[in-house]
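Okay, so here's the structure we're looking at.
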């Protein structure tokens, strides 16, 4: 990150202030509408985030999940219990450490997330249809940069603070 002394570059800070509220609003629409429009029982946003994480990293431990998502271990355990009770996550013994468990998505979770992501795509497709060709092209070109930004934020969140 470009820093001047201990301060963040003012241009980067200005760009971040423009981008973050927009991304937050987009994420909020997805959180609020995807599950509902997929016809599924509503999940609290934090549980949906835990489920998405387990789908992306099958075999993850509760402690790793909690650390990576910035949750207290007890809160992560509570959310995992709720997802297990809903039949969306399995808790399997860790073959290398029987005191630990690995979290795996169920087939129901895989199908539910596919329905949610299809609903998100429909929501976005409808909104994209109202944009100009130039605006849609700009968004398509931004996908790799947004993916890299997300990866950078994830790495910074999980990296020990110095």
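Coordinate-derived values only; no laboratory data. Here the structure is a predicted model, which means the values were calculated and not measured. Please note: Cβ atoms are built from the backbone with ideal geometry, for glycine as well, and neighbour counts cover all protein chains shown.
If packing is taken as the average number of other Cβ atoms within 10 Å across a peptide's residues, how do 142-155, 119-132 rank, most packed first? Could the numbers behind the result be given before it?
Working: 142-155: 10.4, 119-132: 12.1.
Order by mean packing, descending: 119-132, 142-155.
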Gain upon complete extension [residue 18, residue 155; 0.36 nm per residue less C-alpha separation]: 47.1 nm
Spin-label pair residue 91/residue 25, simplified geometry with 7 Å Cα→Cβ offset, distance in nm: 4.1
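Across the stretch 41-157, how large is the tail of the calculated P(r) beyond 23 Å, expressed as a percent of all Cα pairs?
On the way: 2903 of 6786 pairs.
Pairs farther apart than 23 Å: 43 percent.
Mean residue ellipticity at 222 nm from the helices of the chain, using -39,500 (n - 2.57) per DSSP H segment of n ≥ 4 over the full residue count, to the nearest 500 deg cm²/dmol? Write down the numbers at each step before the final one.
Numbers: 6 runs with 109 residues, N = 162.
My calculation for the chain gives -23000 deg cm²/dmol from helical runs alone.
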Calculate, for residue 147 and residue 81, the FRET efficiency according to 1/(1 + (r/R0)^6) with r their C-beta to C-beta distance and R0 41 Å; round to the nearest 0.05. 0.80
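Cβ neighbours within 10 Å, averaged per peptide: list 56-62, 91-97 in order, most packed at the top.
Working: 56-62: 15.4, 91-97: 10.9.
In decreasing order of mean packing, 56-62, 91-97 become 56-62, 91-97.
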I'd like the orientation of helix 133-158 relative to the chain: the angle between its Cα long axis and the longest Cα principal axis, in ° from 0 to 90, rounded to 10. 50
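Using r as the Cβ-Cβ distance of residue 104 and residue 72, and R0 as 22 Å, what FRET efficiency do you calculate, to the nearest 0.05? If you can, show how the numbers build up before the last one.
Details: r = 22 Å, r/R0 = 1.02.
Efficiency computed from Cβ-Cβ geometry: 0.45.
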Between helix 10-37 and the chain, what is the angle of the helix's C-alpha long axis to the longest principal axis, kept within 0 to 90° and rounded to the nearest 10? 50
If I take every Cα pair under 8 Å that is 6 or more residues apart in the chain, average their sequence separation and divide by the length, what percent do I get for the relative contact order? 21
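What shape does the stretch 51-101 take by its C-alpha gyration tensor, where a ≥ b ≥ c are the square roots of the eigenvalues and a/c under 1.5 counts as rounded, a/b above b/c as prolate, and the rest as oblate?
Details: a/c = 1.38, a/b = 1.13, b/c = 1.22.
Cα axes put the stretch 51-101 in the rounded bin.
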Can you tell me the orientation of helix 73-85 relative to the chain, as the angle in degrees between its alpha-carbon axis and the longest Cα principal axis, to the nearest 10? 70
